[in-house]
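The values are calculated or read from the model by the stated rules, or taken from the named source; none is laboratory data. This is a predicted model, so every value here is computed, not measured. A quick note on method: Cβ atoms are made from the backbone with ideal geometry, for glycine too, and the neighbour counts reach across all protein chains shown.
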There are 2 protein chains.
Amino acid sequence: MSHNTAEINRQLRKAGFRVTPQRQLILDAVCQLGEHVTPEAVYDHVHRIAPTLSRATVYRVLHFLTEQRILAMVQMVDGRIAYEMAGPEPHHHLVCRSCDSFFELPHSVLRSFRRAMEAQYDFELDVSHVSFFGQCTDCR
Amino acid sequence: MSHNTAEINRQLRKAGFRVTPQRQLILDAVCQLGEHVTPEAVYDHVHRIAPTLSRATVYRVLHFLTEQRILAMVQMVDGRIAYEMAGPEPHHHLVCRSCDSFFELPHSVLRSFRRAMEAQYDFELDVSHVSFFGQCTDCR
DNA sequence: TTACCTGTTGCGACTTTTCGCAATAAACAA
DNA sequence: TTGTTTATTGCGAAAAGTCGCAACAGGTAA
């Protein structure tokens, strides 16, 4: 997946944040490494290019870019956290506990559920990304 | 919450696992400490009773008891993992990202969603425990 | 271009979680 | 009760993730 660097930079600056080489490197890394990118994978990747870029910065930037909705945080089967580019429309995953494969779900499947929570509990669901676990066809 | 020790022990032995003092202590601890019990809290608790019981064992046993469906793993707002007794009927949580409070959802709210996933994707959802994040009434 | 302001980084220390392996001790059968 | 099997534990070390703070460097305005 590719991303619109100029647009993202503009968005960050407008909100009073800074565009640093580290942030750009880390964002590029997630972009290149695809879906479900672990912090460690990002670190390995950027560390080769910028050896002084620290682990702490990787974690901080991933967290930061998630808050800015540029990245999305996803939970994997083992409970660990991974990241991916946040598309304009949120999507969700069905993750198989047996074979670790995953399927994308369109946002629509959660729409009615979300509305129900809002109506019944006055609770505004954050559905930027949700992972559901279970077993896929092949593994049953 | 209390648990049926004899029944659980029987279940474990039947599956070829062993009932050890460590496992019993850790299970008791989760039971006593209530909902959303962190590994560290369990360790603090059991370590007072059995000083040689190691951290590694706490993590391993929590993981193990979750696989056996005796405990349920829950994800908290900060991304950290906690545990609680797995009741006979699964339940779910609405967790507020702002104030950390949480509300229980009856299992029924996910029933139709689960059926839909099964029908459309032939995917068997594991709904032993799901946490949804968002914002509660007070924080909106 | 320069200088200021303050958001961000790197470092090192610390906490949390995992791992490999030898020693231990449940379960069970004789 | 005793011995055998092998699941489980404890230990020490390593990996993963977080934190506080001083140094650094983007952004902006003059």
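Selection of region B:46-74 for residues being within 9 Å of the chain's Cα centre (by Cα) and of a type in the set (S, T, N, Q) yields only B:Thr66. Return yes or no: is A:Ala119 small (Gly, Ala, Ser) and within 14 Å of DNA strand D (Cβ to nearest atom)? Criteria not met by A:Ala119.
The test for being within 14 Å of chain B (Cβ to nearest Cβ), more than 12 Å from DNA strand D (Cβ to nearest atom) and closer than 30 Å to B:His63 by Cβ holds for A:Val74. Scanning region A:1-45 for residues being within 14 Å of DNA strand D (Cβ to nearest atom) and exposed (fewer than 13 other Cβ atoms within 10 Å of the Cβ) gives a total of 11.
Just to be sure, is B:Ala86 aliphatic (A, V, I, L, M), away from DNA strand D (no atom under 16 Å from the Cβ), surrounded by 15 or more Cβ atoms within 10 Å (Cβ to Cβ) and more than 14 Å from chain A (Cβ to nearest Cβ)? It is true that B:Ala86 is aliphatic (A, V, I, L, M), away from DNA strand D (no atom under 16 Å from the Cβ), surrounded by 15 or more Cβ atoms within 10 Å (Cβ to Cβ) and more than 14 Å from chain A (Cβ to nearest Cβ). Being in a loop (DSSP other than H, G, I, E, B), modelled with pLDDT under 85 and touching a Pro at 6+ places or on another chain (Cβ under 8 Å): is that true of B:Val127 here? Considered against the rule, which asks whether it is in a loop (DSSP other than H, G, I, E, B), modelled with pLDDT under 85 and touching a Pro at 6+ places or on another chain (Cβ under 8 Å), B:Val127 comes out as yes. For region A:90-98, the condition holds for no residue, the condition being that it is away from chain B (no Cβ under 11 Å) and surrounded by fewer than 16 Cβ atoms within 10 Å (Cβ to Cβ). Considering every residue within region A:47-59, establish whether at least one is touching a Ser or Thr at 6+ places or on another chain (Cβ under 7 Å) and more than 8 Å from every other protein chain (Cβ to nearest Cβ). No, every residue in region A:47-59 fails to be touching a Ser or Thr at 6+ places or on another chain (Cβ under 7 Å) and more than 8 Å from every other protein chain (Cβ to nearest Cβ). Restricting attention to region B:1-23, the residues being in contact (Cβ under 8 Å) with a residue 24 or more places away in the chain, in a loop (DSSP other than H, G, I, E, B) and either closer than 19 Å to B:Thr57 by Cβ or aliphatic (A, V, I, L, M) (or both) number 3. Against the list (1) at pLDDT below 85; (2) closer than 20 Å to B:Glu35 by Cβ, the condition B:Arg140 fails is (2).
Applying the condition of being assigned to a helix (DSSP H, G or I) and under 21 Å from B:Val77 (Cα atoms) to region B:24-36 and asking which residue is nearest to the chain's Cα centre (by Cα) yields B:Val30.
Take region A:18-43 and flag every residue that is among the acidic types (Asp, Glu) and under 23 Å from A:Val95 (Cβ atoms). Selection gives A:Glu35, A:Glu40.
For residues that are surrounded by 18 or more Cβ atoms within 10 Å (Cβ to Cβ) and within 23 Å of A:Pro90 (Cα to Cα), scanning just region A:54-69, find the one that is nearest to DNA strand C (Cβ to nearest atom). Per the criteria, the residue is A:Val61. Just for region A:121-140: of the residues that are under 19 Å from B:Arg97 (Cβ atoms) and more than 7 Å from chain B (Cβ to nearest Cβ), which one is surrounded by the most Cβ atoms within 10 Å (Cβ to Cβ)? Step by step, filter region A:121-140, then rank; the result is A:Val130.
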